[in-house]
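Undergrad: Have a look at this one.
The values are calculated or read from the model by the stated rules, or taken from the named source; none is laboratory data. Keep in mind it's a predicted model, so treat the numbers as computed, not measured. Backbone-built Cβ (ideal geometry, glycine too); neighbour counts: all protein chains shown.
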Amino acid sequence: MKRTKLEVCVDSVESALAASRGGADRLELCGCLPMGGTTPELSLYRAVRHCTDLPVRVLIRPRAGDFCYSAYEFGIMCDAVALFREEGADAVVTGCLTPEGDVDLKRMKRLREAAGPMDMTFHRAFDMARDAGQALRDIESLGGISTILTSGQAPDVEKGIGNLKAIIAGADGRLDIMPGGGVNSGNLEHLEEELHAPVYHMSGKMAVSSRMIYRNSAVSMGEDSSSEYRIWRTDEEEVRKARAILG
């Protein structure tokens, strides 16, 4: 029987190590995970590669927000894909949409060319597409994209189970549909019973208190001052529980 894989999304060396110890099969590496993830620094990629033996898929997303990019942003994405290809990444994780909500085939072809022999995942931009069936057909037509990461076009995978079943049936094994968005050890058994997906995606993150003793509550480096002294890390035990459920 083919092993069901567990992909863990991480944005630090500490989280990558926790995911590895917990039994993850591969990593999605990003920066700024609390913002939904952005392209990671090259130095972070190199540090994770040095510290773990797990396959690493690198997120290519120049900013938070939508997936309709300016010409400058798209140029940065192409350069990033080529850079991580040269660095030996196992795959890149990316996606572009048109203003009308369709898969941007012209730009995705250019990203696919920049990736060369690297594998590619089309990420949750899929969940923002206007028509899941058409998006699936468009992604498949590109070739060289092995996986779609999706919550079933719903706020989370539990709410998207019905759509996920339809998307998996539509893919019919030609590419992997990877449920992601709210996957955890508490719902994974139910998801597996319903979906029998080949791979699941989770972050398994937990809040860790800052090591800072002195704390200036009047100043914040971001939008939310309450999170200034809270750091998100992958919970090794949560990954271990998820891996055990998948067998």
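Undergrad: Determine if region 161-174 includes at least one residue that is closer than 20 Å to residue 22 by Cβ, buried (at least 18 other Cβ atoms within 10 Å of the Cβ) and touching a Ser or Thr at 6+ places or on another chain (Cβ under 7 Å).
TA: no
Undergrad: Among the listed residues 29, 6, 33, which satisfies the condition of being within 16 Å of residue 239 (Cβ to Cβ), under 16 Å from the mean Cα position of the chain (by Cα), surrounded by 20 or more Cβ atoms within 10 Å (Cβ to Cβ) and modelled with pLDDT under 95?
TA: Of the residues listed, the single one that is within 16 Å of residue 239 (Cβ to Cβ), under 16 Å from the mean Cα position of the chain (by Cα), surrounded by 20 or more Cβ atoms within 10 Å (Cβ to Cβ) and modelled with pLDDT under 95 is 33.
Undergrad: While we're looking at this one, here's another question. Any idea which of 185, 203 is under 21 Å from residue 242 (Cα atoms), among the hydroxyl-bearing types (Ser, Thr, Tyr) and within 17 Å of the chain's Cα centre (by Cα)?
TA: 203
Undergrad: Okay, moving on. Write out, first by first residue and then by second, each pair whose Cβ atoms fall under 8 Å of each other, whose residues are 6+ apart or on separate chains, and whose first residue, in region 108-129, is farther than 17 Å from residue 30 by Cα while the second is assigned to a loop (DSSP other than H, G, I, E, B) and aromatic (Phe, Trp, Tyr).
TA: 128/67
Undergrad: Here is a further query. Quick check on my filter: what residues within region 190-219 are surrounded by 13 or more Cβ atoms within 10 Å (Cβ to Cβ) and either among the aromatic types (Phe, Trp, Tyr) or touching a residue at least 40 places away in the same chain (Cβ under 8 Å) (or both)?
TA: 192, 197, 198, 199, 200, 201, 202, 203, 204, 205
Undergrad: Go through (1) touching a residue at least 12 places away in the same chain (Cβ under 8 Å); (2) surrounded by fewer than 16 Cβ atoms within 10 Å (Cβ to Cβ) one by one and return the number of the condition residue 222 breaks.
TA: Looking at each condition in turn, residue 222 falls short on (1).
Undergrad: Considering only region 28-58, how many residues are assigned to a loop (DSSP other than H, G, I, E, B), in contact with a Pro (Cβ under 7 Å, 6 or more places away or on another chain) and not hydroxyl-bearing (Ser, Thr, Tyr)?
TA: Looking only at that region, the number is 1.
Undergrad: Does residue 177 satisfy the condition of being part of a loop (DSSP other than H, G, I, E, B), out of contact with any Cys (no Cβ under 6 Å at 6 or more places or on another chain) and more than 16 Å from residue 19 (Cβ to Cβ)?
TA: no
Undergrad: Report every pair of residues separated by at least 6 positions or lying on different chains whose Cβ atoms are under 8 Å apart, first residue within region 234-247 and touching a residue at least 40 places away in the same chain (Cβ under 8 Å) and β-branched (Val, Ile, Thr), second surrounded by fewer than 18 Cβ atoms within 10 Å (Cβ to Cβ) and assigned to a strand (DSSP E or B).
TA: The qualifying pairs are 234/206.
Undergrad: Can we say residue 201 is over 23 Å from residue 128 (Cβ atoms) and either modelled with pLDDT of 95 or more or of a type outside the set (A, V, I, L, M) (or both)?
TA: It is false that residue 201 is over 23 Å from residue 128 (Cβ atoms) and either modelled with pLDDT of 95 or more or of a type outside the set (A, V, I, L, M) (or both).
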